[in-house]
Amino acid sequence: MIDLYAAGTSNGMRARIAHEECGLPYTLKPVDLTKGEHKTPQFLAMNPNAQIPVIVDHDGPGGKPVTLSQSTAILLYCAEKSGKFMPKDPAARPAVLQALMCASTDVTPIFGSFFGAKRAKDSHAPTVQMFADRLREFFKVWDVQLGKQKYAAGNEVTVADLSLLAGYLRIKGAAPEIVEGLPNVARWADEMQARPAVQRAIKF
Ligand SMILES: N[C@@H](CCC(=O)N[C@@H](CS)C(=O)NCC(=O)O)C(=O)O
């Protein structure tokens, strides 16, 4: 059994989508960031960076417990443990890694910067706009890609889709204009969101 410490942010959703889609049994341990529950000594012992998500897999490799933070590390851990969402064909893997990294290391951190800048006390409109524009540019490229192929890295669902969906859902909720008017992204997102595992995962 896995304990998943998370909240309904893009990073929290990424980890929970991974567990649901990979079919791994887990117990959700909700962490209320507004109450500082990620800063308690117990939480810091699991992740000194004071960030969700974190998992504790009581039955890790070799039967030993594993504590792991970083939503994309958790996503890859789940994919490896379940044998799902990473193609076995080595020729198909580079495209998956590239799409995964764009979703996890471009889209999500820029959204974090956008959201932080927008909510700041002395918010600086041009900075907020700069982050919004950068996000939009990434999604315009995703729109072209998703016009040529069904999913983020080809014609099957991979870890890249699971990662991108988490970022997309947060952006759609907080700043829908960034992803508006992109028909292929919308088609992909509708299909991904209709998956029962995703529906279970995004209800925090
Ligand atoms: N790179 C990390 C980022 C994790 C992260 O930024 N978590 C945020 C929530 S999305 C958090 O816990 N922030 C703590 C805070 O707001 O103080 C990951 O992918 O897991």
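The values are calculated or read from the model by the stated rules, or taken from the named source; none is laboratory data. Please read all numbers here as calculations on a predicted model, not as lab measurements. Ideal geometry is used to build each Cβ from the backbone, glycine not excepted, and the neighbour counts take in all protein chains shown. Just the protein is used for accessible areas: all its heavy atoms, side chains included, with ligands, DNA and RNA removed. Shrake-Rupley method; radii C 1.70, N 1.55, O 1.52, S 1.80 Å.
In the set Val96, Val107, Val157, which member is surrounded by 17 or more Cβ atoms within 10 Å (Cβ to Cβ), under 19 Å from Met13 (Cβ atoms) and more than 16 Å from the ligand (Cβ to nearest atom)? Write out each step before concluding.
Working: Val96 fails: under 19 Å from Met13 (Cβ atoms); Val107 fails: more than 16 Å from the ligand (Cβ to nearest atom).
So the residue among Val96, Val107, Val157 that is surrounded by 17 or more Cβ atoms within 10 Å (Cβ to Cβ), under 19 Å from Met13 (Cβ atoms) and more than 16 Å from the ligand (Cβ to nearest atom) is Val157.
Which residues, taken from the range 171-184, are touching a Lys or Arg at 6+ places or on another chain (Cβ under 9 Å) and either surrounded by 14 or more Cβ atoms within 10 Å (Cβ to Cβ) or of a type in the set (A, V, I, L, M, F, W, C) (or both)?
Ala174, Ala175, Ile178, Val179, Leu182, Asn184
Look through Lys35, Lys64 and report the one residue that is among the basic types (Lys, Arg), more than 15 Å from the ligand (Cβ to nearest atom) and either more than 26 Å from Ala103 (Cβ to Cβ) or in contact with a helix residue (DSSP H, G or I) (Cβ under 9 Å, 6 or more places away or on another chain) (or both). Give the derivation first.
Details: Lys35 fails: more than 15 Å from the ligand (Cβ to nearest atom).
Within the list Lys35, Lys64, the selection yields Lys64.
Find the helices (runs of 4 or more DSSP H) located wholly in the range 92-149 whose residues include 2 or more that are in contact with a Lys or Arg (Cβ under 8 Å, 6 or more places away or on another chain), and list them. Steps first, answer last, please.
On the way: elements: 93-101, 108-119, 125-148.
By residue number, 108-119, 125-148.
At least 1 residues that are open to solvent by less than 20 Å² (accessible area, probe 1.4 Å) in each: list the strands (runs of 3 or more DSSP E) lying fully within the range 1-85 that qualify.
Details: elements: 2-6, 26-30, 54-57, 66-69.
Of the strands (runs of 3 or more DSSP E) lying wholly inside the range 1-85, those with at least 1 residues that are open to solvent by less than 20 Å² (accessible area, probe 1.4 Å) span 2-6, 54-57.
Return the pairs, sorted by first residue and then second, in which the second residue is open to solvent by 90 Å² or more (accessible area, probe 1.4 Å) and aliphatic (A, V, I, L, M), the first residue lies in the range 45-59 and is touching a residue at least 24 places away in the same chain (Cβ under 8 Å) and away from the ligand (no atom under 11 Å from the Cβ), the beta carbons are less than 6 Å apart, and the residues are 6+ apart or on different chains.
The qualifying pairs are His58/Met1.
If I ask for residues that are of a type in the set (S, T, N, Q) and surrounded by fewer than 16 Cβ atoms within 10 Å (Cβ to Cβ), which ones from the range 114-153 would you list? Give the derivation first.
First pass over the range 114-153, keeping only residues of a type in the set (S, T, N, Q): 123, 127, 129, 145, 149.
If the condition is that a residue be of a type in the set (S, T, N, Q) and surrounded by fewer than 16 Cβ atoms within 10 Å (Cβ to Cβ), then Ser123, Thr127, Gln129, Gln149 are the ones that fit.
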